[in-house]
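Colleague: Please see the structure below; I have some questions.
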Amino acid sequence: MFAYVARQPIFNVNREVYAYELLFRVGEDNCFPDIPPDEATSKILTSTHLSLGIEEITGDKKAFINFHRDTLMFRFPTSLDANKVVIEIVETVNVDDALVAACKHIRGLGYPIALDDYDMHGKWEAFMPFTSVVKIDITEIAHDKIPALVERFKANKMKLVAEKIETYEEFHKFKEMGFDYFQGYFLARPEIVRHRKLGPNNLTMLELLALSSEASLDLEKVKTIMERDPSLTYLLLRFINNPMVNKRHTINSLKHALNFMGEVEVKKFLSLLALANLSKGQPTELMQMALVRAKFCELAYLAVSKNKNSHTGFLAGLLSLLDAMMEQRIEDLVKKVPIDDDVKDALCGKPNLLRECLNLSQHFETARWAGIKQFAAKHKVNQALLHSYYNEAIKWAKHIHNAALDKD
């Protein structure tokens with residue numbers, strides 16, 4: 001697996017993940033300072049790390065990857081599977097006939113070409129006959145000029161990505177304009193238009209979430225609640241059957257399952273199960289993001305805190321998107337669940353160590369490398385270790401979501 005990566009989802013019009021843009025750095029010294037971009041990309045692509053790790057990061061989704069001049073000239077993208085990647089030509093490249101010819105050759109081999117941060121500059125005209133995707137930063141081009149661009153690109157059968165979409169209002173606006181895909185932080189921000197009602201099943205989930213937050217878990221109470229609904233027992237058994245949890249043991253009863261897992265893992269399972277049910281009807285990427293944050297905050301919090309209760313960091317990360325899932329203010333939601341005050345404060349944005357871990361997870365999501373460096377320096381933790389935690393969290397979230405939280 002490669003050390004330094006951030007992934008940013010690209011959504012379709014139904015708010016489903018179409019692809020991930022992957023942003024890389026290589027080596028502890030190269031991760032944070034400014035380095036030649038070609039050097040970073042070439043080191044990744046000439047190693048085995050990317051070819052071994054890309055599917056762990058993106059699952060079955062495409063990977064959008066930035067390429068600079070030298071990597072394109074030397075045909076580095078051709079070391080990747082053309083069915084799994086989209087080659088992004090960054091806006092800073094120096095364009096000449098040789099670069100156009102190289103990109104045209106790469107497209108001829110089956111690799112989709114995307115223009116990153118299209119700026120209406122004339123230098124891009126030569127790429128138009130073989131470009132598949134155009135990405136437009138909505139903060140860089142006047143909005144009244146964009147409809148004409150959409151009409152032109154659509155006429156040439158190109159797909160359009162709107163970048164820097166930060167609100168639902170922007171999402172709807174550019175969806176109506178005809179954009180195909182959307183990139184930005186809008187999905188993680190709640191649309192406080194209506195409040196989702198809490199039905200009987202949701203109240204049961206909140207009851208389980210409250211149990212998972214207690215300092216000492218009452219397994220008998222958990223067993224009683226889960227026996228009300230056979231599907232909960234089924235999901236617990238699927239969770240235990242996940243090879244990341246249990247590789248050898250055969251489970252023969254609900255009581256055996258709970259005792260086998262132990263208090264810490266049962267707490268995690270209850271939290272996951274509750275949030276998965278509470279987030280029904282919302283895009284699955286919200287749950288994926290919450291899972292990644294949960295595992296990452298658990299690992300980061302344990303690394304820098306004297307409090308060795310791993311569930312504290314896990315719960316803070318897991319609930320950090322609850323407002324977007326439930327379409328309610330986080331301050332109102334945390335009043336309904338008796339969770340630890342430190343977790344409540346972190347979720348509501350009050351400064352504490354848990355909040356710093358949540359901010360750190362967002363630094364990874366948005367590739368704010370300087371913020372990661374600052375956290376590492378403040379808490380005297382190795383930067384490479386933090387990146388390994390984030391990679392581990394992505395892989396863990398993928399396995400848990402597929403094996404434990406998907407009923408299909």
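Colleague: Taking Ala370 as meeting all but one of (1) touching a Leu at 6+ places or on another chain (Cβ under 7 Å); (2) at pLDDT 90 or above, write down the number of the exception.
Modeller: (1)
Colleague: With the condition kept exactly as written, say whether any residue in the range 308-316 is of a type in the set (Ser, Thr, Tyr), in a helix (DSSP H, G or I) and either more than 15 Å from Ile400 (Cβ to Cβ) or in the same structural domain as Leu386 (by TED's automatic domain parsing) (or both).
Modeller: So far as the range 308-316 goes, yes, one or more of its residues are of a type in the set (Ser, Thr, Tyr), in a helix (DSSP H, G or I) and either more than 15 Å from Ile400 (Cβ to Cβ) or in the same structural domain as Leu386 (by TED's automatic domain parsing) (or both).
Colleague: Among what's in the range 347-366 and is farther than 22 Å from Asn391 by Cβ and out of contact with any Ser or Thr (no Cβ under 8 Å at 6 or more places or on another chain), pick the residue that is surrounded by the most Cβ atoms within 10 Å (Cβ to Cβ).
Modeller: Checked the range 347-366; the qualifying residue surrounded by the most Cβ atoms within 10 Å (Cβ to Cβ) is Arg355.
Colleague: Does any residue in the range 333-357 that is more than 11 Å from Ser320 (Cβ to Cβ) and in the same structural domain as Met205 (by TED's automatic domain parsing) come within less than 8 Å, Cβ to Cβ, of a residue that is hydroxyl-bearing (Ser, Thr, Tyr) and surrounded by 14 or more Cβ atoms within 10 Å (Cβ to Cβ) six or more places away or on a different chain, and which pairs are these?
Modeller: Val337/Ser213; Pro338/Ser213; Ile339/Ser213; Asp340/Ser213; Asp340/Thr312; Asp342/Thr312; Leu353/Tyr301; Leu353/Ser305
Colleague: Taking the range 281-339, which residues are among the β-branched types (Val, Ile, Thr), under 23 Å from Val264 (Cβ atoms) and more than 15 Å from the chain's Cα centre (by Cα)?
Modeller: Once the filter is applied, which keeps residues that are among the β-branched types (Val, Ile, Thr), under 23 Å from Val264 (Cβ atoms) and more than 15 Å from the chain's Cα centre (by Cα), the range 281-339 yields Val304, Thr312, Val334, Val337, Ile339.
Colleague: Another question about this same structure. Need a quick list: helices (runs of 4 or more DSSP H) entirely within the range 11-82 having at least 2 residues that are modelled with pLDDT of 85 or more.
Modeller: Qualifying helices (runs of 4 or more DSSP H): 69-73.
Colleague: Any residue at all in the range 118-135 that is at pLDDT 95 or above, in contact with a helix residue (DSSP H, G or I) (Cβ under 9 Å, 6 or more places away or on another chain), closer than 27 Å to Arg368 by Cα and not assigned by TED's automatic domain parsing to the domain that holds Ser320?
Modeller: yes
Colleague: Mind checking which residues of the range 331-354 are assigned to a helix (DSSP H, G or I), modelled with pLDDT of 90 or more and touching an Asp or Glu at 6+ places or on another chain (Cβ under 7 Å)?
Modeller: The answer is Leu354, and nothing else.
The values are calculated or read from the model by the stated rules, or taken from the named source; none is laboratory data. All values reported here derive from a predicted model rather than from experimental measurement. Cβ coordinates were reconstructed from backbone atoms using ideal geometry, including for glycine residues, and neighbour counts include every protein chain displayed.
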